[in-house]
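Contents: one structure, followed by commentary.
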Amino acid sequence: MMANFHSNFTPSSYIEFARFRLRILTLFLLIFVMDSLYSQDYLFYNQTQSSIFELHLANSGCSCDFEPVCAFNNGIDLFYTPDGALLSFEAPTMGSIGMYQYDLLVCDTTLYYGFDPSQIPPPLYFTYYVSVGNGIVYAMKWSSQGIDQVWELNMNTGIITSLGNTGFNPWSDLALFNGEVYYYTLEPGISGIVHLDPSDPSNSTLVVNIPPIFLFGGLTASPYCNTLLGAVRDITTDERFFALISLIDGAVTKVCSFQFNMFGMASMFEFAEPADCENTLDLDCNDSSGATGADYNSSIVSCAMRQALVADEDVRMFYDDWISEMTIRVTGFVPDGLDEIIDITGNIPGVDVDGQGTDILTLSNAGGAKSTDFIDALHLVRYMNTALNPTAGPRTIEVQFTTASGGMSNVAIAYIQVNELPPLEVDLGPDQIICEGSSAFFDAGSFPGGMYQWSSGHMTQTITTVDDGQYIVTVSDATHCPGTDTAEVVTIPLISVALTGDVVICDNQSATLTLNTDAPFPITVEIQADPGSPFVFDVVVGNYSFTDLPQQNTTYTISSVTPSMEACITVTDAEQAIDVFPSYVDWYDVEICEGDSVWLGFYWETEAGEYENTFNTIHGCDSVVTTTITILPAVMLQVQEDTCDASAVGYISQPLTIRMDVRQW
């Protein structure tokens with residue numbers, strides 16, 4: 001077939017075939033050029049290095065990188081046409097005034113469309129451009145000249161027409177996004193993104209406010225819903241960075257930084273179909289934590305580090321309306337229960353916080369809070385585990401937001417690993433019951449380098465206390481989880497019991513003994529008599545007396561005291577000894593002569609009879625003496641004698657006691 005194909009060629013056929021091959025080659029070259037153009041995400045002019053740079057966004061706008069493409073000495077503001085032509089309006093000293101196309105393959109320019117200089121308002125240039133298709137370009141001039149006028153540059157007719165004034169001076173590129181034109185304005189009291197109405201520029205409106213600390217050096221479309229891409233300079237820090245700008249709330253979200261002067265941004269995304277507006281949340285946009293998708297792998301939690309972040313520094317949010325609420329909750333495996341909480345370490349103006357210190361934290365829009373405010377608040381949120389020794393295992397923290405229109409984002413998860421470390425073994429011993437007026441002593445043990453914290457406020461290894469209650473000690477050091485133990489102190493009443501009573505009795509008397517106690521409740525007392533049998537007295541309250549009839553010396557001893565309630569017992573006098581002394585009963589017969597008398601202990605008695613007298617012994621016992629008196633008759637005897645002694649003459653009378661038996665004389 002190939003041979004026949006060649007054999008039928010004529011010289012004219014070879015010419016046509018050559019032309020066909022040239023057209024094919026040209027078509028492939030055009031496709032290559034167009035593919036190269038469309039493969040470049042964004043282009044901008046690096047004024048510091050006098051070059052066009054290519055900017056690539058990565059990870060859903062979480063990071064970016066840039067590199068030089070072509071060097072051009074003149075400062076240029078670039079823009080694309082829908083067919084992929086990269087243009088800039090130029091007024092060269094030599095050559096035509098008009099639109100020049102940049103060929104980035106050979107780093108050269110060619111005139112794309114020339115304009116009659118008379119059509120161009122002085123000075124002969126514009127600053128900001130945007131192509132809207134069909135050969136129409138809108139242009140504005142730099143705001144320092146106080147010009148808010150909009151021109152239409154028609155590359156079909158060559159006519160340049162003033163469309164009117166917007167009321168907002170431009171400070172950046174004109175950007176086409178979803179078929180609408182936007183630009184950044186900055187003037188006293190006004191800073192934000194303006195929606196340009198080309199049909200009537202005076203109807204242009206300020207869409208969102210931007211903090212005036214941000215200056216824009218470039219603005220273009222992004223592939224994300226309700227979001228532009230801009231080159232921003234923070235005048236408070238002089239930091240320069242590419243950022244995503246929300247057309248919903250004006251939030252400026254940093255993507256990556258740069259260190260050069262630049263202006264003008266161009267992107268074929270300006271002609272892309274509108275992106276689907278999904279509410280999305282990514283806790284780790286560049287996946288630097290190792291988590292994939294919208295999730296985040298946080299740091300490890302243990303007793304040594306009790307808290308962890310729930311989001312990385314590069315949180316990304318895309319949304320269809322203002323954020324109304326964000327919830328952060330602990331879900332799934334929660335073995336430590338109420339000790340696993342969500343907390344926040346500060347506050348962000350405009351964001352209300354509810355549920356702090358619980359398992360679910362709610363951030364609410366108090367009015368005017370942007371997505372960046374919610375992100376700032378999210379960076380202050382912490383998962384915390386306050387258990388003394390957290391239980392090991394993975395934890396999941398779910399984060400989700402809701403917009404004012406009722407839309408809900410995906411659920412993004414922060415994964416946190418909890419590790420369990422060995423605890424210190426602390427033992428306070430058993431609970432202590434102490435008597436009223438005494439103290440309890442606790443020793444938490446010796447741990448080198450340990451720190452002691454008692455519930456009573458003490459910070460020592462040991463404590464002494466007289467107060468009832470529960471005592472908790474926590475001991476911590478640098479290498480273990482804290483150890484804790486609890487002991488309770490209970491004070492019980494101190495009651496006294498004593499046995500008092502008689503110490504001496506007579507053998508014909510009963511002994512009285514008294515139990516003395518200050519117990520406010522009944523007690524049972526057992527008393528042992530030696531010799532004798534025990535006594536048991538129940539329900540003794542206050543002073544209680546009882547009697548006994550010992551026949552000999554007896555010792556009474558309190559052998560046990562049983563209170564009806566728990567109490568300490570002090571027996572102040574446990575023993576009472578009683579000496580038993582005898583009583584005496586004696587009978588005596590007494591014979592006296594008539595006229596004589598006998599002493600009966602208290603008086604003289606001369607009469608015959610039976611007399612009973614009661615005496616006390618030296619021990620106070622009764623002694624009864626019965627005396628029977630018998631009177632004997634008196635006998636008169638006379639003796640007469642003679643004496644030679646004149647001094648002895650007389651009558652002498654002398655009583656004599658003569659016991660006489662009755663007998664016959």
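The values are calculated or read from the model by the stated rules, or taken from the named source; none is laboratory data. Note that the coordinates shown come from a computational prediction; the quantities given were computed from them, not determined experimentally. Here the Cβ is made from the backbone with ideal geometry for all residues, glycine too, and neighbour counts use every protein chain on show. Ligands, DNA and RNA are excluded from the accessible area calculation, which covers all protein heavy atoms including side chains. Shrake-Rupley method; radii C 1.70, N 1.55, O 1.52, S 1.80 Å.
Tell me, which residue of the range 515-545 that is of a type in the set (A, V, I, L, M) and over 18 Å from Gln576 (Cβ atoms) is surrounded by the fewest Cβ atoms within 10 Å (Cβ to Cβ)?
Val539
Given the condition surrounded by fewer than 17 Cβ atoms within 10 Å (Cβ to Cβ), more than 30 Å from Thr127 (Cβ to Cβ) and at pLDDT below 95, answer yes or no: does some residue in the range 261-274 qualify? Write out each step before concluding.
Step one: list which residues in the range 261-274 are surrounded by fewer than 17 Cβ atoms within 10 Å (Cβ to Cβ), which gives 261, 272-274.
Next, from what is left, pick out any that are more than 30 Å from Thr127 (Cβ to Cβ): none.
No: the range 261-274 contains no residue that is surrounded by fewer than 17 Cβ atoms within 10 Å (Cβ to Cβ), more than 30 Å from Thr127 (Cβ to Cβ) and at pLDDT below 95.
Can you give me the number of residues within the range 398-424 that are open to solvent by less than 40 Å² (accessible area, probe 1.4 Å) and not in a strand (DSSP E or B)? Break it down into steps so the answer makes sense when it comes.
In the first step, residues of the range 398-424 are kept if they are open to solvent by less than 40 Å² (accessible area, probe 1.4 Å); the result is 399, 401-403, 407, 409, 412-414, 416, 418, 424.
Filter again for not in a strand (DSSP E or B), leaving 407, 409, 424.
Within the range 398-424, residues that are open to solvent by less than 40 Å² (accessible area, probe 1.4 Å) and not in a strand (DSSP E or B) number 3.
Let me confirm something: among Ile76, Ile52, which residue is of a type in the set (A, V, I, L, M) and either open to solvent by 40 Å² or more (accessible area, probe 1.4 Å) or not in a strand (DSSP E or B) (or both)?
Values: Ile52 fails: either open to solvent by 40 Å² or more (accessible area, probe 1.4 Å) or not in a strand (DSSP E or B) (or both).
Going through Ile76, Ile52 in turn, just one is of a type in the set (A, V, I, L, M) and either open to solvent by 40 Å² or more (accessible area, probe 1.4 Å) or not in a strand (DSSP E or B) (or both): Ile76.
Among residues belonging to the range 163-175 that are part of a strand (DSSP E or B) and modelled with pLDDT of 95 or more, point out the one that is surrounded by the fewest Cβ atoms within 10 Å (Cβ to Cβ). Break it down stepwise before answering.
Within the range 163-175, the subset part of a strand (DSSP E or B) is 163-165, 170, 175.
Restricting the remaining residues to those that are modelled with pLDDT of 95 or more gives 163-165, 175.
Values: Leu163: 18, Gly164: 18, Asn165: 14, Ala175: 29.
Top of the filtered list is Asn165.
Could you say whether any residue in the range 561-579 is more than 30 Å from Asn516 (Cα to Cα), more than 60 Å from the chain's Cα centre (by Cα), at pLDDT below 90 and open to solvent by 50 Å² or more (accessible area, probe 1.4 Å)?
Checked against the condition, which is being more than 30 Å from Asn516 (Cα to Cα), more than 60 Å from the chain's Cα centre (by Cα), at pLDDT below 90 and open to solvent by 50 Å² or more (accessible area, probe 1.4 Å), the range 561-579 yields no hits at all.
Name the single residue that is nearest to the chain's Cα centre (by Cα) among those in the range 477-489 being among the aliphatic types (A, V, I, L, M) and surrounded by 13 or more Cβ atoms within 10 Å (Cβ to Cβ).
It comes out as Ala487.
So, in the range 331-366, how many residues would count as being open to solvent by 40 Å² or more (accessible area, probe 1.4 Å) and without any contact (Cβ under 8 Å) to a residue 40 or more places away in the chain?
Here the count works out to 12.
What residue, of Asp507, Asp502, Asp530, is at pLDDT 90 or above and among the acidic types (Asp, Glu)?
From the options Asp507, Asp502, Asp530, the qualifying one is Asp530.
Based on what the data block shows, is Thr474 open to solvent by 50 Å² or more (accessible area, probe 1.4 Å) and either in contact with a strand residue (DSSP E or B) (Cβ under 6 Å, 6 or more places away or on another chain) or at pLDDT 90 or above (or both)?
no
Working carefully through the options Tyr556, Tyr611, find the one that is at pLDDT 90 or above, open to solvent by less than 70 Å² (accessible area, probe 1.4 Å) and either of a type in the set (Phe, Trp, Tyr) or more than 30 Å from Gln509 (Cβ to Cβ) (or both).
It is Tyr556.
Hey, could you check the range 503-514 for residues that are in contact (Cβ under 8 Å) with a residue 40 or more places away in the chain and closer than 19 Å to Val571 by Cβ and say which is surrounded by the most Cβ atoms within 10 Å (Cβ to Cβ)?
Filtering first and then ranking leaves Leu513.
Can you report the number of residues in the range 425-471 which are in contact with a Phe, Trp or Tyr (Cβ under 7 Å, 6 or more places away or on another chain), open to solvent by 20 Å² or more (accessible area, probe 1.4 Å) and closer than 23 Å to Met305 by Cα?
Final tally of qualifying residues: 2.
Any idea how many residues of the range 108-141 are within 60 Å of the chain's Cα centre (by Cα) and not in a strand (DSSP E or B)?
3
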